[in-house]
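Structure first, commentary second.
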Amino acid sequence: MEEKNLITKTELFVRETLKNSESGHNWFHIERVWKNAKHIGQAENVNMLIVQLAALLHDIADSKFHNGDETIGPRIAKKFLEEQEVDNEIIDHVVKIIENMSFRSAYDKPSFISKELQVVQDADRLDAIGAIGIARAFHFGGYKNREIYDPKVPPDLNMTKEAYKKSTAPTINHFYEKLLLLKDKMNTITGKQMAEERHVFMEKYLQQFYAEWNGEA
Ligand code: ADP
Ligand code: NI
């Protein structure tokens, strides 16, 4: 199949599969990550077909909604690409990216690394910070019925993977436990620059948040 057709077909498959998904991982998240990935990828020496397929398929099934099964997303992506008769080499690479990309798997030893993985990972991480990241965090917290903030519950920076998944802490803590750490984890120069701006925005947001909380603004 021609590259352009394959990408369009993948886009349609992802749109259809995610049409009833919650808003943190819906098609709009994928579309933003796809755009970020294309933008970041331009400045890197990467295979843009692999970057785009991985960006489109990276959240095709969320383990959180499948009893923690972290193999389901990569399996669905693999099956779809096999049905499109994509070269095995490309399928393998895309599937490895999906398996190794998430923040959660950063607790495990990375078993695979590539320039293409780094581009897509940066693109996904960017969507967790800045104005969009703030919206997604409070959306997630609301979905989990969490407090927005509780001064008596300090952030926990040394959580195990299991504790992180089970945490019921207020959403503000998530900024310290994950969001503010992401800028130093960026892989690419373009990703770092974009993350820096979004990071500064989150810091300003938190300043204003505490000022309002304390009746000082
Ligand atoms: P990803 O798909 O990027 O690996 P997650 O599934 O962990 O990320 O999270 C999806 C979105 O929900 C992200 O924007 C993330 O910051 C947010 N989120 C995840 N865990 C929490 C939490 N404990 N509190 C607030 N937001 C969270
Ligand atoms: Ni994602």
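The values are calculated or read from the model by the stated rules, or taken from the named source; none is laboratory data. Since the structure is predicted, the reported quantities are computational estimates derived from the model, not experimental observations. Cβ: placed from backbone, ideal geometry, glycine included. Neighbour counts: every protein chain shown. Just the protein is used for accessible areas: all its heavy atoms, side chains included, with ligands, DNA and RNA removed. Shrake-Rupley method; radii C 1.70, N 1.55, O 1.52, S 1.80 Å.
Some values worked out for this structure:
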read-out: Close pairs from the stretch 133-154: first in contact (Cβ under 8 Å) with a residue 24 or more places away in the chain and within 19 Å of Tyr205 (Cα to Cα), partner open to solvent by 50 Å² or more (accessible area, probe 1.4 Å) and small (Gly, Ala, Ser), Cβ under 7 Å, at least 6 apart; value: His139/Ser23
read-out: Qualifying position, being under 19 Å from the mean Cα position of the chain (by Cα) and either part of a loop (DSSP other than H, G, I, E, B) or basic (Lys, Arg) (or both), among Lys152, Lys192; value: Lys192
read-out: Residue among Lys78, Lys115, Lys4, Lys9 that is of a type outside the set (A, V, I, L, M), more than 26 Å from Leu182 (Cα to Cα) and either in contact with a Pro (Cβ under 7 Å, 6 or more places away or on another chain) or in contact (Cβ under 8 Å) with a residue 40 or more places away in the chain (or both); value: Lys9
read-out: Helices (runs of 4 or more DSSP H) contained entirely in the stretch 1-90, each with at least 2 residues that are within 16 Å of ligand 2 (Cβ to nearest atom) and not hydrophobic (A, V, I, L, M, F, W, C); value: 3-17, 27-42, 72-83
read-out: Residue within the stretch 123-139 that is under 15 Å from the mean Cα position of the chain (by Cα) and at positive phi present; value: yes
read-out: Criterion violated by Asp59 - all others in (1) closer than 18 Å to Glu22 by Cα; (2) surrounded by fewer than 18 Cβ atoms within 10 Å (Cβ to Cβ); (3) among the charged types (D, E, K, R) satisfied; value: (2)
read-out: Pair list, Cβ under 9 Å, 6 or more apart: the stretch 19-34 residue touching a residue at least 60 places away in the same chain (Cβ under 8 Å), other residue among the charged types (D, E, K, R) and more than 12 Å from ligand 1 (Cβ to nearest atom); value: Trp34/Glu11
read-out: Test for Glu147: is it open to solvent by 90 Å² or more (accessible area, probe 1.4 Å) and under 22 Å from Gly24 (Cβ atoms); value: yes
read-out: Filter result for Glu11 (farther than 29 Å from Ala195 by Cα and away from ligand 1 (no atom under 12 Å from the Cβ)); value: no
read-out: Residue identified as of a type in the set (D, E, K, R) and touching an Asp or Glu at 6+ places or on another chain (Cβ under 6 Å) among Arg125, Arg75, Arg32; value: Arg32
read-out: Condition check for Phe201: buried (at least 17 other Cβ atoms within 10 Å of the Cβ) and more than 18 Å from Met101 (Cα to Cα); value: no
read-out: The stretch 14-25, subset surrounded by 15 or more Cβ atoms within 10 Å (Cβ to Cβ) and within 11 Å of ligand 1 (Cβ to nearest atom), residue modelled with the lowest pLDDT; value: Gly24
read-out: Selection from the stretch 148-202 of residues that are of a type in the set (Ser, Thr, Tyr) and closer than 23 Å to Asn67 by Cα; value: Thr160, Tyr164, Ser167, Thr168, Thr171
